[in-house]
Amino acid sequence: MAEIKRFTYEDVIGLKALDGVFQNVNGVFNEIKKPLEEKFGSSEGGVSNTDQILNHGRLAIYCFNVIGTTPSEILVGFNFIGSKAGEGPVVSVHLWLGHQNESFDKLKNIFQEDEKSILNTFKTDTFSFREELGIGLFFEKPLADFLEVEDQLSSITEWIIQRLNDFDEFRENYPDLGWKNN
């Protein structure tokens, strides 16, 4: 069992806000589930997935085995902290392949050889490539960027769906990666 610590005032305040956070995230997941599954197959996860919360610091919905052999995933998440140092919570959409996936080297080579073309295709500055425990292509947008938007949840949903469309376009441009049919 993990070491049990004392609760702090921040914990109490955080727990008080969790229900609203979970309701908002769940609302977005409900909106993006259909387009996610239409493009990449059946999904798992959601706000009740404690593994994603405890082991990855995020609330997430995802599709497994989207490219090559396992492991691979397309994931939509609300990450508690972003990938950049000091960055707060982010909305994230990513494609990830583990090192043992048969398409790992193909994807790595595509990105290394064609990085400018890929970035131009996505027409965004929020896209990054990371090689940690596998290979990942990530879109991240700070959740704070949506705070001043009048219809936040619709704006977040639209941003996520556009990123899913970007990955769908990536799939069309690189069919030899061994994409699974949904």
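Quick notes on this structure:
- Of the residues 147, 95, 164, the one with the fewest other Cβ atoms within 10 Å heads the list, and the complete ranking is 147, 164, 95.
- Taking every C-alpha pair closer than 8 Å and separated by at least 6 residues, the mean separation divided by the residue count of the stretch 1-118 gives a relative contact order of 15 percent.
- Angle in degrees between helix 9-40 and the longest Cα principal axis of the chain, rounded to the nearest 10: 30
- With neighbour counts taken as other beta-carbon atoms within 10 Å, the residues 145, 151 rank, fewest first, as 151, 145.
- Considering only 99, 167, 50, the residue lying farthest towards the positive end of the dipole of the chain is 50, judged by Cα position with unit charges set on Cβ.
- The helix-based estimate of mean residue ellipticity at 222 nm for the chain, built from -39,500 (n - 2.57) per DSSP H run of four or more residues and divided by its residue count, is -15000 deg cm²/dmol to the nearest 500.
- With Cα atoms, 0 to 90° folded angle of helix 152-173 axis to the chain main axis: 20
- To the nearest ten degrees, helix 104-122 and the longest principal axis of the Cα atoms of the chain are 80 degrees apart.
- For 70, 8, order by how many other beta-carbon atoms lie within 10 Å, fewest first: 8, 70
- Percent RCO, i.e. relative contact order, over the stretch 39-175, from Cα pairs under 8 Å lying at least 6 residues apart: 19
- Dipole axis of the chain (+1 Lys, Arg; -1 Asp, Glu on Cβ), positive-most option in 59, 75, 112: 59
None of the figures in this text is laboratory data; all of them are computed from the coordinates on show. Quantities reported herein were computed from a predicted structural model and do not represent experimental measurements. Here the Cβ is made from the backbone with ideal geometry for all residues, glycine too, and neighbour counts use every protein chain on show.
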